[in-house]
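Remarks on the structure that follows.
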Amino acid sequence: MLTPLLRIETLTGQPIKVKGTQLRVRSQVVQLRLPVISGGLIWNRPVAVLVQSADGQDRLLPIPDLTRTAVLALTVLGLATAFLLSLFRRKIN
């Protein structure tokens, strides 16, 4: 059976009870399998907490990924800097 090269899925963890409230962690799993070598890359990250109160109401509290936001901002800043430097070099020469 062939396994896919890239698989992304969202998993919900086992419930944890805290003072009548039930908490479940939702996480995202990204698996990258390399066919040439045995192995690959597995990346887990939390995405939300599912809160079920004693009266039965469900709330989904997202977990912001500040690291990804910072990496994207730095990447955009680096590309913009490279673009501006290339424009400056053309004007000088």
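Read-outs: derived from the displayed coordinates by stated rules, not from any lab. Being a predicted model, the structure only gives us computed values, none of them experimental. Because the Cβ atoms are built from the backbone with ideal geometry, glycine has one as well, and the counts that use them run over all protein chains shown.
Here are a few things to note about the model shown:
- Zone residues, region 51-70, relative to A80, backbone N less than 13 Å from point 7 Å out along Cα-to-Cβ: none
- The gain in end-to-end length when the N44 to D65 segment is fully stretched comes to 6.3 nm, 0.36 nm per residue minus the alpha carbon separation.
- Taking V47, V36, V71 and counting other C-beta atoms within 10 Å, the order from fewest to most: V36, V71, V47
- Helix 66-92 axis versus longest C-alpha principal axis of the chain: approximately 10°, rounded to the nearest ten.
- Couplings 3J(HN,Hα) for region 36-47, derived from phi with the Karplus relation 6.51 cos²θ - 1.76 cosθ + 1.60 (θ = phi - 60°), are 6, 10, 7, x, x, 10, 10, 10, 10, 8, x, 10 Hz, where x marks Gly and Pro.
- For Rg/Rh (Cα atoms, Kirkwood Rh), the value computed from the atomic coordinates appears in the list (i) 1.24; (ii) 1.20; (iii) 1.28 under label (i).
- Close amide H partners of I63, meaning residues 5 or more places away or on another chain with modelled amide H under 5 Å apart, are A48, V49.
- Seen from D55, the other residues with C-beta closer than 15 Å to its C-beta sum to a net charge of +2, counting Lys and Arg as +1 and Asp and Glu as -1.
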